[in-house]
Amino acid sequence: MKKHQSFHTFISEYFEGIDTILELGSGEGTRILTPNYTMYSVEEDIKFVGLTDSNYLYVPTDKTGWYDRVILKRLLSTIPAYQLMIVDGPKGGRNRTGLLKNLDLFDLTIPWLFDEVNRPVDLETATNFSVLTNKHMMVFNSVDKQFAILL
């Protein structure tokens, strides 16, 4: 298995024709991607909103740890089509598993990337996503973690 510097370099090497990316979560990766892509970042932590040139969608989490569905649905309806989806939030424990109950909010016809699948709970979420969407999952090593691409 080829080791990639990061999933950011993987995106630029293997995905052509992508200009708009939607991501759950934001951070250093957002900063790396914004010079080359139009980014829309769903962020639950107000202190991360505005740190990069991304288009931020501030969506607090609900009592389950997943993004507030009503706010998320409303804000997602305002963004243009995206060609890649990155799952890197919300932060903490099993919170990303909430995605599996909210698949109807997202475009499932495009490639998806799950970051940090070296963590068992995130690998489990990506695997369950793969089963629910009938997407083929490939796991890649980067310098300090693993990421999964689902096609």
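We did not get these values from a lab; they are worked out from the coordinates using the rules stated. Quantities reported herein were computed from a predicted structural model and do not represent experimental measurements. Counting neighbours? That spans all protein chains shown, and the Cβs are built from the backbone with ideal geometry, glycine included.
Here is how the number arises for the chain: DSSP H runs of 4 or more residues each give -39500 (n - 2.57), the sum is divided by the residue count, and the result at 222 nm is -6500 deg cm²/dmol. A simple packing score, the average count of other Cβ atoms within 10 Å per residue, orders the peptides 88-95, 113-120, 137-144 as 113-120, 88-95, 137-144, with the highest score first.
Distance between the 7 Å Cα→Cβ label points at residue 118 and residue 141: 1.0 nm. Using the Cβ-Cβ distance between residue 77 and residue 51 with R0 set to 25 Å, the FRET efficiency from 1/(1 + (r/R0)^6) comes to roughly 0.55.
For region 1-71, list log₁₀ I(q)/I(0) at each q in 0.25 Å⁻¹, using the Debye formula over Cα point scatterers of equal strength and ignoring solvent, two decimals each. Once normalised to I(0) and log-transformed, intensities are -1.07.
Taking the convex hull of the alpha carbon positions in the chain and averaging its projected area over all directions gives 8.3 nm². Modelled spin-label separation between residue 19 and residue 58, with each label point placed 7 Å from Cα along the Cα-to-Cβ direction: 2.9 nm. Rounded to the nearest 5, the antiparallel percentage of DSSP beta bridges internal to the chain is 35%.
Note: relative contact order over the chain, using C-alpha pairs below 8 Å and six or more positions apart, is 23 percent.
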